[in-house]
Structures are given as structure tokens and as C-alpha cells.
There are 2 protein chains.
Amino acid sequence: MTSTLSSTPKEDGFRMPAEFEPHEQTWMLWPERPDNWRLGAKPAQKAFADTAKAIAQFEPVTMGVSTRQFQNARNQLPEYIRVVEISYNDSWMRDCGPIFVKNDKDEVRVVNWQFNAWGGLYDGLYFPWDLDDQVPVKIAEMELLDRYDAPMILEGGAVNVDGEGTLLTTEECLLSPGRNPHLSKAEIEVHLSDYLNVQKIIWLARGMDPDETNGHVDGICCFARPGVVLLNWTDDPKNPHYEIVHDAFERLNNERDAKGRKLEIHKLLSAPPRMITKGESEGVDIVKGTKPRQEGDKLGSSYINFFIANGGIIVPAYGDEHDRLVVETLARVFPDREIVSVPDAREISLGGGNIHCITQQQPSR
Amino acid sequence: MTSTLSSTPKEDGFRMPAEFEPHEQTWMLWPERPDNWRLGAKPAQKAFADTAKAIAQFEPVTMGVSTRQFQNARNQLPEYIRVVEISYNDSWMRDCGPIFVKNDKDEVRVVNWQFNAWGGLYDGLYFPWDLDDQVPVKIAEMELLDRYDAPMILEGGAVNVDGEGTLLTTEECLLSPGRNPHLSKAEIEVHLSDYLNVQKIIWLARGMDPDETNGHVDGICCFARPGVVLLNWTDDPKNPHYEIVHDAFERLNNERDAKGRKLEIHKLLSAPPRMITKGESEGVDIVKGTKPRQEGDKLGSSYINFFIANGGIIVPAYGDEHDRLVVETLARVFPDREIVSVPDAREISLGGGNIHCITQQQPSR
């Protein structure tokens with residue numbers, strides 16, 4: 001039995017655990033729409049399947065699939081991946097999916113934030129987004145988890161927590177006019193505090209992809225463990241992200257977390273931007289209301305968009321010299337986890353995000 | 001993790017439990033198609049919701065719902081009914097859904113029979129039936145149950161077991177040309193034995209609804225407990241089912257079950273046939289390929305199509321004088337179970353079946 005609760009997680013003693021805490025399973029959604037994924041989403045489906053298989057080395061994976069693609073997904077994925085029917089508008093489970101919270105008794109509940117495709121009618125990426133918005137309810141039903149309906153638009157990729165009361169986010173995203181223009185920054189902080197049970201919010205200015213997610217924090221920075229963050233980094237002043245990451249460094253370096261700790265900052269290579277090719281662009285249907293994928297558009301191909309699984313790190317790879325450097329950094333920062341690369345991550349980035357954007361961890365009960 | 005097994009339940013020591021054995025939950029599907037259910041299925045949805053609520057007094061209920069109807073079903077049903085997305089062609093969970101089997105360690109698996117809408121292109125009730133046919137796979141995935149794919153067309157309503165090795169069925173249905181014309185009666189018996197692990201099959205000649213299910217056994221007869229059956233009954237020679245039920249009585253009376261017991265036969269009132277009215281018929285869309293619901297057509301309104309829940313009997317009621325007599329019989333045959341009537345069962349029968357046809361029990365693990 002699933003109940004819709006009118007209290008808040010904070011009132012009930014539930015908090016959002018960090019991604020590096022133990023997972024029961026990881027949720028994903030199967031890519032399909034031909035107006036976002038080239039060649040009828042076939043190359044992306046292979047990359048999503050590779051991601052699911054990589055994560056399943058460490059923990060169970062459930063793939064949500066539309067009616068139309070159910071049989072194909074069931075055939076493309078090995079039997080150890082659970083495949084369930086869930087409808088959606090696109091396949092960004094991190095952003096449209098639930099954020100799970102848990103209490104000290106290891107009970108787990110769902111927080112159902114509102115979703116409007118990264119900006120709604122203001123600067124959203126497609127229309128409509130009604131099915132995406134129902135995904136958290138459907139997962140709560142399927143898993144028999146109680147649910148909180150949070151009164152604010154928020155995507156999972158817009159926040160990152162240390163599980164000990166600290167939350168990272170960006171002003172560019174949470175204060176963007178397409179999200180919650182009726183809410184002040186202080187009011188947004190109250191909702192984050194009430195529904196994720198955090199005590200300290202660290203605001204970065206901007207993320208890396210203003211045109212896509214309005215600068216999600218999961219494209220620039222994340223906690224590796226309490227007191228330790230990884231930050232996208234470049235020393236090259238000609239890199240278009242130079243100013244953004246240097247400003248983020250300054251802010252992080254001058255902040256303390258909810259426990260009063262100064263943050264240890266590890267720099268993760270931000271490769272020079274990769275661009276959509278003409279051939280790639282031509283494989284995408286052009287549809288009114290959907291952001292086009294045009295030749296020369298920058299890809300969301302930052303390595304920081306990796307996923308932390310139980311005992312593993314699932315990291316995008318692009319087949320160039322940067323891959324190895326990133327794996328070395330991650331192995332140093334996560335000495336107890338195995339680093340696993342997904343080789344065709346470019347196909348995910350062609351749709352507007354990467355491994356972190358297409359996954360959502362459900363904490364252990 | 002769900003595996004598709006190439007062995008058979010019989011080989012693995014799994015058997016189909018009787019409906020009167022303990023259930024973990026009951027599965028249903030939400031009615032929707034306007035070419036089978038009058039007035040956009042709204043009256044049927046109320047009757048299905050009432051059925052779900054009646055069963056939920058005794059055990060958990062999961063309702064499978066299409067994408068289109070998810071929000072409406074979630075709103076129509078109380079929170080204690082679990083609602084999950086499953087696509088289908090129509091809402092007869094007994095017939096298109098899984099048959100569950102279990103072993104002595106209380107492990108449960110799914111048997112996935114083929115489904116062709118009660119006769120396929122020969123005399124099936126609608127076209128296509130591809131989504132119905134996938135329902136058992138989707139339930140096995142969702143519940144993480146291993147699965148057998150049985151090499152034969154069979155609906156759950158076509159068989160009834162005592163859980164101790166005996167199966168009831170009808171020749172009219174299992175030997176109908178729209179099912180498995182390439183299989184002999186002996187070959188069909190082998191498949192039933194292999195996949196349901198029964199040792200004795202009792203063949204009745206005919207059921208009550210040749211034009212609908214080709215005479216499913218769940219419209220005429222069922223086990224109440226090992227050695228005891230309930231049989232649809234009329235003493236009125238003018239009742240069109242008079243010959244059918246008297247022939248069934250003779251056969252049952254001359255048979256012994258798998259344990260060598262003679263059967264105790266309880267007679268359950270078969271009311272005179274009820275007919276579709278002009279007004280009811282006019283509420284149904286006419287669509288090529290779907291059996292029309294016409295004024296004067298006989299309804300599948302036999303009381304024997306009740307459902308046995310944990311501690312309860314859920315029985316159709318039609319608001320006439322027969323209802324009370326049937327409840328009295330059921331209270332006598334099931335002294336330890338509470339008899340609960342669903343008052344608007346006529347709305348279910350207008351679609352071609354009744355409470356047993358729209359439910360499928362999942363045995364306890």
C-alpha cells in the first residue's frame with residue numbers, strides 16, 4: 001500500500017541519502033523518441049544497455065520501457081536487468097524520476113517533484129512532459145513506497161547531497177525563469193530543506209549547459225564523500241568553461257558544509273567541448289516543440305556526469321586521450337570502487353546528457 | 001532477476017495451487033475499450049473498482065492500467081489498491097494473465113501460456129491481442145519471478161484445479177478449432193500435465209457461452225476444496241443450459257479425482273439468462289474486428305464465476321431474487337469464508353464475463 005503524505009520528509013525524519021550510500025537498485029528509462037535520438041534511438045539504446053549492464057555488475061537495475069519498445073528492450077537487455085512498463089516523454093530518469101529519501105530505520109519513501117522538461121513553455125526542451133511528470137508516482141506504486149508531493153519544479157540533476165545535511169546546486173538552474181519564477185531564493189531553500197532535509201545549501205553560479213538543463217550541478221560538481229567534492233576543471237583560459245569552473249572553485253573553497261567542514265576539492269578533467277557532426281544531426285527527426293540537434297551544437301560530454309554504484313563508478317568514455325586521465329583521477333578519489341567505462345557514451349551525450357542524467361539510485365532499505 | 005526456464009514446472013516440482021489456497025495478492029486489469037464496454041467503460045470501471053475494493057478486504061490487489069487511463073484509475077481507486085502501468089487489449093486478467101505455480105518451498109513462478117483472444121482469427125473476440133499476450137511476461141518482470149513459456153494457447157478461465165493433481169476443463173473450449181487445432185486431445189493433456197503438474201484431467205463437454213469463451217469451465221464449475229465441486233444448476237428443462245449442466249453432473253458424478261476420491265457436487269443456482277438491452281447496446285462503439293454487443297445477446301451472468309479470496313468469496317449480484325439464494329449456497333459450502341457481493345456485476349457481464357474472469361490470484365510465497 002502506497003500513501004500520499006501531507007507532511008514533509010524533514011518533519012518525518014527522512015533525508016536524501018548521498019549517491020555513495022548503499023543502493024537497493026538503480027532505475028533507468030529506455031531511449032526512444034526519434035526527434036531527440038538519432039537513427040530511431042538505436043545507437044542510444046545500445047549505449048543505455050551498456051550502461052545498465054555496467055551498473056548491474058554492482059547492483060540490480062530496473063529499466064522502464066514504453067509499450068511500444070517493451071519487446072525490443074526486453075530482447076536488447078540481458079535477463080538480469082528487470083524491464084517494466086513505464087511511459088515517458090524522454091528517458092532522463094535522473095531528472096523526471098523520483099528522489100528517494102530514507103530515515104534512521106532504513107525506511108524509504110519517494111519525493112515527487114514537479115517536472116516541466118527543463119523550463120516548460122519558457123525554455124523547455126520538448127512539449128508535452130506529462131508522462132515524465134508521472135514517473136515518480138508510478139515507481140512509488142510499483143515499489144509500494146509512500147510518497148511526498150513537493151510543491152516545486154526540480155530535477156534530480158539539479159541537486160547533489162553529501163547525505164549529512166549539505167546540498168550543492170546552481171543559481172543558473174534553480175533561479176531560472178522557466179522553473180519557479182514565483183518563488184524567491186529563500187523560499188526555494190525552504191522547500192529543499194523541507195523535502196530533502198538539508199541544513200546547508202552551497203550555491204554555485206553556473207553549470208556547463210545553459211541551453212540544455214540551465215546548468216545542472218551534475219554537469220559540473222558532485223560529492224565523492226562527506227567533505228570531499230569533485231569539480232569539472234580546466235586550466236586552459238580558451239576553454240569556454242574556464243570562468244565557470246574557476247568561479248565554482250572559489251565558492252567551494254570559501255564554503256563550509258553542514259557539519260562545519262572545509263571542503264577538499266578534487267579537479268576532474270573537463271575536455272574541450274565536443275560538437276554534433278552533420279551526419280549525427282541528420283539522423284534526428286525535426287519536430288515542432290522539440291529542441292533541434294544541430295551540427296556544431298556542443299555536447300553534454302563532461303566526465304563529471306559519472307554514476308556512483310555500490311562498489312563501482314560508471315563513467316562515460318569517448319575514445320580519446322582524455323578518457324584515461326579521468327579514470328586515473330577517479331581511481332585515486334574512489335580507491336575502494338572499481339572504475340567501469342561505458343565506451344559509446346557519445347551516443348548518450350548526443351541526446352543532451354550523460355550517464356548520471358539517465359540513472360537514479362534507490363537507496364537500500 | 002527473472003529467468004526464462006526451458007524446463008517444465010512438472011520437472012522442477014512446481015504445481016498450480018488451487019484458488020482456495022493462500023494468495024499473496026490478486027491481479028486485475030482496468031477496463032477501457034469503448035468497443036466492448038458501454039459509455040466509454042465508465043460503468044464497468046466502477047464495477048471493477050468495487051470488485052477490487054471487495055477483494056482488498058481480504059488481500060492486496062494490484063490493478064494494471066494503460067498509460068491513457070493511469071491517472072483516472074489512480075483517482076477512482078483507493079490508495080490501498082496498487083496501480084501499475086501495464087498495457088493490454090482488454091481487461092480479462094484471468095484469461096490473458098499469468099498462471100502462477102509454486103513448489104514445496106513456497107517459491108512461485110509464472111507460466112506464460114499463449115493467448116489469442118479466445119479463438120484468434122477463427123472466432124476470437126477482437127483483433128489484435130498482442131498486448132494481452134505480453135501481460136504474463138510483464139508481471140513476471142515486475143515481481144521478479146522466473147517464467148515458463150508454455151507451447152500452447154490457453155486461458156486461465158479454461159481450467160480449474162484442486163491443487164492436489166486434478167484439473168477440470170471443457171472439450172468445447174480446449175478442442176475448439178480457434179485454439180490449438182494442431183494438437184490432439186492427448187497432446188493437450190501432456191502440456192497441461194507438464195505445465196500445471198496435474199495427474200488427472202476431468203473433461204466436461206461444454207460450458208455456457210459458446211460464442212464468448214467457447215465454454216470456459218469457470219462459467220460452469222469449480223473446486224470449492226479437494227473432493228468438492230460447485231456446479232451451475234437448473235432443474236428447469238426450458239433453461240437453455242439444462243442439458244449442459246445435467247451432462248456435466250453425470251460426468252462429475254462418474255469420475256474420481258487424482259487422489260481417487262469420488263466428488264461431492266454442490267449445485268449453484270443458474271438464473272435464467274439475462275439479455276443486453278437496446279440502451280446498453282447503444283453505448284458500445286462498433287468497430288471492425290470486435291464482437292458487437294447487440295440487443296438480446298445473452299450475458300455471461302452465471303454466479304459460478306465468483307472469486308475465492310483469502311477468507312472471502314467475491315460473488316456477482318444482479319439485484320434480483322436469485323442473488324440471495326446463491327449467497328446462501330455459498331455460505332453453506334464455504335462456512336469459513338465471508339461472502340461479499342459486488343452489486344453492479346451486470347456491468348462486468350455486459351463485457352462478456354464476470355468477477356472470476358477479471359481476477360487472477362498470485363499464490364503466497
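The values are calculated or read from the model by the stated rules, or taken from the named source; none is laboratory data. Keep in mind it's a predicted model, so treat the numbers as computed, not measured. So basically every Cβ, Gly included, is an ideal-geometry build from the backbone, and we count neighbours across all protein chains shown. Ligands, DNA and RNA are excluded from the accessible area calculation, which covers all protein heavy atoms including side chains. Shrake-Rupley method; radii C 1.70, N 1.55, O 1.52, S 1.80 Å.
Below, the figures for the structure above:
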{"item": "Residue list for the range B:252-263, filter: loosely packed, with under 14 Cβ neighbours inside 10 Å and without any contact (Cβ under 8 Å) to a residue 60 or more places away in the chain", "result": "B:N253, B:N254, B:R256, B:G260, B:K262"}
{"item": "Scope the range A:53-62; condition hydrophobic (A, V, I, L, M, F, W, C), within 13 Å of chain B (Cβ to nearest Cβ) and touching a strand residue (DSSP E or B) at 6+ places or on another chain (Cβ under 7 Å); matching residues", "result": "A:V61"}
{"item": "Total residues in the range A:337-350, condition in contact with a helix residue (DSSP H, G or I) (Cβ under 6 Å, 6 or more places away or on another chain) and open to solvent by less than 10 Å² (accessible area, probe 1.4 Å)", "result": "2"}
{"item": "Where B:V287 falls short, out of the listed (1) more than 18 Å from the chain's Cα centre (by Cα); (2) among the hydrophobic types (A, V, I, L, M, F, W, C); (3) open to solvent by less than 60 Å² (accessible area, probe 1.4 Å)", "result": "(3)"}
{"item": "The range A:94-109: number of residues that are outside any strand (DSSP E or B) and of a type in the set (K, R)", "result": "2"}
{"item": "Residues of the range B:62-93 classified as free of Cβ contacts under 8 Å to residues at least 60 places away in the same chain, open to solvent by less than 10 Å² (accessible area, probe 1.4 Å) and part of a strand (DSSP E or B), total", "result": "6"}
{"item": "Filter result (touching a residue at least 60 places away in the same chain (Cβ under 8 Å), part of a helix (DSSP H, G or I) and open to solvent by 10 Å² or more (accessible area, probe 1.4 Å)) within the range B:173-217", "result": "B:S193, B:D194, B:Y195"}
{"item": "Neighbours by Cβ (under 7 Å, 6+ apart or cross-chain): first from the range A:122-144, assigned to a helix (DSSP H, G or I); second aromatic (F, W, Y)", "result": "A:L131/A:Y88; A:D132/A:Y88; A:D132/A:F115; A:D133/A:F115; A:Q134/B:F70; A:V135/A:Y88; A:I139/A:W27"}
{"item": "Looking only at the range A:37-61, and only at residues there that are part of a loop (DSSP other than H, G, I, E, B) and more than 29 Å from A:K291 (Cα to Cα), the one that is most open to solvent (accessible area, probe 1.4 Å)", "result": "A:Q57"}
{"item": "Positions within the range A:304-337 being in contact (Cβ under 8 Å) with a residue 60 or more places away in the chain and of a type in the set (S, T, Y), in sequence order", "result": "A:T329"}
{"item": "Output for the range B:99-128, where each listed residue is within 14 Å of chain A (Cβ to nearest Cβ) and closer than 28 Å to B:G289 by Cβ", "result": "B:N112, B:P128"}
{"item": "Residues within the range A:218-238 that are more than 19 Å from A:E250 (Cα to Cα) and surrounded by 22 or more Cβ atoms within 10 Å (Cβ to Cβ), tallied", "result": "0"}
{"item": "Selection from the range A:2-36 of residues that are more than 22 Å from A:G64 (Cβ to Cβ), of a type in the set (A, V, I, L, M) and in a loop (DSSP other than H, G, I, E, B)", "result": "A:A18"}
{"item": "Conditions (1) under 24 Å from B:L167 (Cβ atoms); (2) in a loop (DSSP other than H, G, I, E, B); (3) open to solvent by 10 Å² or more (accessible area, probe 1.4 Å); number of the one not met by B:Y303", "result": "(3)"}
{"item": "Per-region count, the range A:158-172, residues buried (at least 18 other Cβ atoms within 10 Å of the Cβ) and more than 15 Å from A:A18 (Cβ to Cβ)", "result": "3"}
{"item": "Members of the range A:63-98 that are within 9 Å of another protein chain (Cβ to nearest Cβ) and among the polar types (S, T, N, Q)", "result": "A:S66, A:T67, A:Q71, A:S87"}
{"item": "Residue ID - farthest from A:P22 (Cα to Cα), chosen from residues in the range A:238-261 that are outside any helix (DSSP H, G or I) and modelled with pLDDT of 95 or more", "result": "A:N254"}
{"item": "Complete set of residues in the range A:1-10 that are open to solvent by 20 Å² or more (accessible area, probe 1.4 Å), farther than 13 Å from A:G165 by Cα and away from every other protein chain (no Cβ under 14 Å)", "result": "A:S7"}
{"item": "Neighbours by Cβ (under 9 Å, 6+ apart or cross-chain): first from the range A:11-28, open to solvent by 10 Å² or more (accessible area, probe 1.4 Å); second at pLDDT below 95", "result": "A:E24/A:R365"}
{"item": "Test result for B:I313, under 15 Å from B:L230 (Cβ atoms), among the aliphatic types (A, V, I, L, M) and not in a loop (DSSP other than H, G, I, E, B)", "result": "yes"}
